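The values are calculated or read from the model by the stated rules, or taken from the named source; none is laboratory data. Just so it is clear, the structure is predicted and the values come from calculations on it, not from any experiment. Cβ placement follows ideal geometry from the backbone for every residue including glycine, while neighbour counts extend to all protein chains displayed. To get the accessible areas, we keep the full protein, side chains included, count just its heavy atoms, and leave off ligands, DNA and RNA. Shrake-Rupley method; radii C 1.70, N 1.55, O 1.52, S 1.80 Å.
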Amino acid sequence: TLTLSGTSGTPFSNSGTFTASTGTVTYTGNNSGGNTTVAAVTYNNLTLNNASETYVLAGTTTVGGNLTITAGTLDTVSGQNYALSVGGNFSNAGTFTARSGTVTLTGTDSDNTLTSGGTSFYNLTQNGSGGTYALKDTTIVSNVLTITAGTLNAGAVTLTLSGTSGTPFSNSGTF
């Protein structure tokens, strides 16, 4: 585990090659002067854990494994709406601010989970060939839910699609 507890607002700067391997990168710092930037790299597992901090994406970000928002806010950045790709579990116990961004679930395992923590997704795409994501709590998609490949299993939880234009649901996988 690599824990980034810096208070500068940019505790991780990458101008070379970052190889995530099998580890976890955890952001815990608190920038008293504003938000903390999450570097736009490919992570294996990514954890955000500081209740008084807003973490903002620096660009399109890929998490090959689990994304865990233990505490704090993850923001896709107003006006940028950076995409977020997650290959493992999406677990939110803090706040996720989707703006107009897209979260793509790419896991190919049969036991992935999505815990929204009560916050909404703007666009949510399931695109993990052969993979299954099980919803663990009420999930809201405010624009478009797309199942391109794999299975999205709502089980007994409520899935609300509130898109008001076009087609709020597109399915070429399994629902």
Q | Residues (open to solvent by less than 50 Å² (accessible area, probe 1.4 Å) and of a type in the set (V, I, T)) located in the range 107-129 | A | T113, T115, T119, T125
Q. Filter the range 91-124 for residues that are β-branched (V, I, T) and assigned to a loop (DSSP other than H, G, I, E, B); which is nearest to V56 (Cα to Cα)?
A. T119
(Q) For the list (1) at pLDDT 95 or above; (2) under 18 Å from V63 (Cβ atoms); (3) outside any strand (DSSP E or B); (4) open to solvent by 40 Å² or more (accessible area, probe 1.4 Å), I need the number of the one condition that V157 fails. (A) (2)
Q: Name the single residue, out of those in the range 51-69 being open to solvent by less than 30 Å² (accessible area, probe 1.4 Å) and not hydroxyl-bearing (S, T, Y), that is farthest from A20 (Cα to Cα).
A: E53
(Q) Test of understanding: among G72, G88, which residue is in a loop (DSSP other than H, G, I, E, B) and either surrounded by 21 or more Cβ atoms within 10 Å (Cβ to Cβ) or within 11 Å of the chain's Cα centre (by Cα) (or both)? (A) G88
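Does the range 1-56 hold any residues that are assigned to a loop (DSSP other than H, G, I, E, B), of a type in the set (A, V, I, L, M, F, W, C) and without any contact (Cβ under 8 Å) to a residue 24 or more places away in the chain, and which are they? Let's see the steps before the verdict.
Narrowing the range 1-56 to residues assigned to a loop (DSSP other than H, G, I, E, B): 1, 5-23, 28-35, 39-41, 44.
Next, from what is left, pick out any that are of a type in the set (A, V, I, L, M, F, W, C): 12, 18, 20, 39-41.
Listed by number, the list is empty, since nothing qualifies.
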